[in-house]
Every structure is written in C-alpha cells, then in structure tokens.
Amino acid sequence: MMTDAKNINQDAAVDFYSLKLSEKQFRHISNTVYKVSGIDLHQGKEELVKARLLKRLRSLRLGNFEHYLQYLEQDQSGRETQAMVDVLTTNKTNFFRESEHLDFLRTDILPKLNQEKIRIWSAGCSSGEEPYSIAITLSEALSDMGKTDLKILGTDISDRMLDRARQGVYEQELLKTLPPQIAGRYFDLHPGKSARLYQVNSRIQSLVSFARLNLMEEWPMAGPFDVIFCRNVMIYFDKPTQERLVRRFWPLIKEGGYLMVGHSESLTFLSHEYRYVRPAVYQKIKGYAKNLKRPARAVQEVAS
C-alpha cells in the first residue's frame, strides 16, 4: 500500500523557494523522465526541474525533494509519475504556428491527395491549436467538405493539455494572430468569468479527435496517414530516441505521404529513409534512400 503524502512529511510552513535539488536527486528525476517519456533533461535543466516540481510538492504538501522521491517510488499506480512528466513537459504552441507548413499542406499536398478520404496525425498536439489549425486550413481549401471523409488525430502525453484541447476554449489573446475573417468564421464567443473566451465551432471540433499517447509506448492506431505532424517535439529527445521515433512513423505514413517536423528540428544527421522536400518537410518514398548517399542528402538539406 502506498504511504500517504502527509505521512511522509507535512509542513505548512515550508519555504519552498529555499529548497535545494541535489545533483543526485536531479539525476534520479531526469533518468525517470527519460525512461518514461524519452524527454532528455540534460545538465543545465536543474532550475527548470526544481521550479516546475515545486508545484507537485505544494500539491502533495511535501517538505523537500527527498520526500517527493520517496512518494514517487511508492506510487505503484503510476499517477504521480504521469503528473511529474506533465509538469515537466513544455507546452508552447499557438494557432497557425510555423504557417509555412500549413501553406504547403494547402497548396502542394492537398491537390495530390485522394480527397474522398484524408487522415492526418498531430503528434504532441499540446492544447489543440495545431490540429485545429490543420482542420481550419483544410476547411478553407476544400471546395466541398461534405464529400471528404476528413479525420485528424491529436495526441499528447499530457492529460491536462488534452482536457483543454477537447474543450476547444481559448482566451481572446490567443486568437490575435488569426485573420479576423478566420476567427469570426471558426470561433464562437464563449461565456467566461473574467476574460473573453472563444470556442472552436462544432464543425471544426467534429473533424478532430484527441487521445493520450506516450510516444515511447505502444501505438494503438494502424494508420495509414497522409501526413504526420510532429513539430517541436523531437527537440526534447536525444538522437537515438529521435531516430527510433522517425523509424516508427514510417510504416504509418502512406506511400508518398509526408512527415513534418519543427523548423528548429532536422533529420539531417539521423539515419532515416525519407526524401527531403524542403526545410522540415520529408516524404515517404520507398527505395529513395538506397539511391542517395547520406553525405549528399545532408549537404542538400543544409544548403537549403
């Protein structure tokens, strides 16, 4: 049986900001997070880890990090491990982020697709802005949405972010980057207590489904997908984890389909089979890698 947090330590007078996270404790936490989620909390992240985990110590009323690690080890349910990973993940995103990808989806990829059935996966979707942006982009581009079986899957490791994504409710500030006609067409005013809130309309929400998925675990979906977006996710992984991930994406992408990564990411120095198309855009073409030497491909990508 798991020991209750208050039986480990309960001290309402703790000065949390004075607490120290030792090197040993940091290594323990970073190793656990890496094993569970693939996230690489390397040296230099100590203050970030400390600041974010203080939320968990306050919530559990634990007086120091040693007691927190004890609590974590006794938690056989895995719920606290999940909560820890949740607070340590970075969830920065916004609508139409790195919009060049969405422009390429609209102008180059969409005309080549079988528009009767389109499947897209947003891996690491955070609070939902990316999959909703994809849905809006395709809704604007498709002449007759009624004739297209469009489904977009958004997955993330954070239950907290997924709850927000499913609600589809966002502060007015987050919509300021959208053209007024887009905001007016796809968002409805949502009653809020202190701020003007807007909700993604029901038509766009119906195109997107959300599910919790740890990219390091088994994937229940079989695909195939026309496009996989995995943007600004792999920057938190080390090279071996990045290579495993892009290899796992391969069988889930249709022949001729695409993988999009963040503009701060690249497959240049990873072992992979994809054809480089343009910065942060790769295509699945069987046999392509056999006909192109890696140094030449790396030079081609870096030079662009």
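Values in this text are rule-based calculations from the coordinates and carry no lab data. In this text the structure is predicted, and so the values were computed from the model without any measurement. Because the Cβ atoms are built from the backbone with ideal geometry, glycine has one as well, and the counts that use them run over all protein chains shown.
Quick notes
- Residues V169, V200, sorted so that the one with the fewest Cβ neighbours within 10 Å comes first: V169, V200
- Spin-label model distance (nm) - M145 vs D159, 7 Å beyond Cα toward Cβ: 3.2
- Centre-to-centre, using Cα atoms only, the range 198-254 and the range 30-89 are separated by 24 Å.
- Trypsin sites (Lys or Arg not before Pro), loop per DSSP, at most 14 other Cβ atoms within 10 Å - longest free stretch of the chain: 197-285
- Antiparallel %, DSSP beta bridges [both residues in the chain], to 5: 40
- Helix 23-37 and the long axis of the chain differ in direction by around 40°, with both axes built from C-alpha atoms.
- For C125, C230, the sequence from fewest to most other C-beta atoms within 10 Å is C230, C125.
- Relative pair counts by distance (%), Cα atoms of the chain, 20 Å bins: 29, 52, 18, 0
- Debye intensity ratio in log₁₀ form over the Cα atoms of the range 82-150, taken at each q of 0.26, 0.29 Å⁻¹: -1.23, -1.42
- Normalising by residue count, the range 139-211 has a Cα convex hull of 105 Å³ per residue.
- Helix-only CD estimate at 222 nm, as mean residue ellipticity for the chain, using -39500 (n - 2.57) per DSSP H run (n ≥ 4): -11000 deg cm²/dmol
- Temperature 10 °C, viscosity 1.306 mPa s: under these conditions the Stokes-Einstein estimate for the range 15-143, based on its Kirkwood radius over C-alpha pairs, is 90 µm² per second.
- Paramagnetic reach from E171 (point 7 Å along Cα→Cβ, amide N under 17 Å) across the range 92-119: 92-95
- Value of D in µm² per second that Stokes-Einstein yields for the range 113-267, Kirkwood Rh from Cα pairs, at 20 °C (1.002 mPa s): 130
- If you plug the beta carbon distance of R61 and R244 into 1/(1 + (r/R0)^6) with R0 = 35 Å, you get a FRET efficiency near 0.35.
- Listed residues Q242, Q74, Q205, most fluctuating in the chain (Gaussian network, C-alpha, under 10 Å): Q74
- By the count of neighbouring beta-carbon atoms within 10 Å, fewest first, I39, I235, I120 end up ordered I235, I39, I120.
- Calculated from backbone phi, Karplus (6.51, -1.76, 1.60) coupling profile of the range 65-73 in Hz, x at Gly/Pro: 6, 5, 5, 5, 5, 4, 4, 4, 5
- Charged neighbours of L174, selected by a Cβ distance under 14 Å, balance to +1 (K, R count +1; D, E count -1).
- For the range 5-88: relative contact order, % (alpha-carbon pairs under 8 angstrom, 6 or more apart): 43
- Cα-based values for the range 5-88, radius of gyration first and Dmax second, are 12.0, 36 Å.
- Here the relative contact order of the chain, from alpha carbon pairs under 8 Å that lie six or more residues apart, stands at 15 percent.
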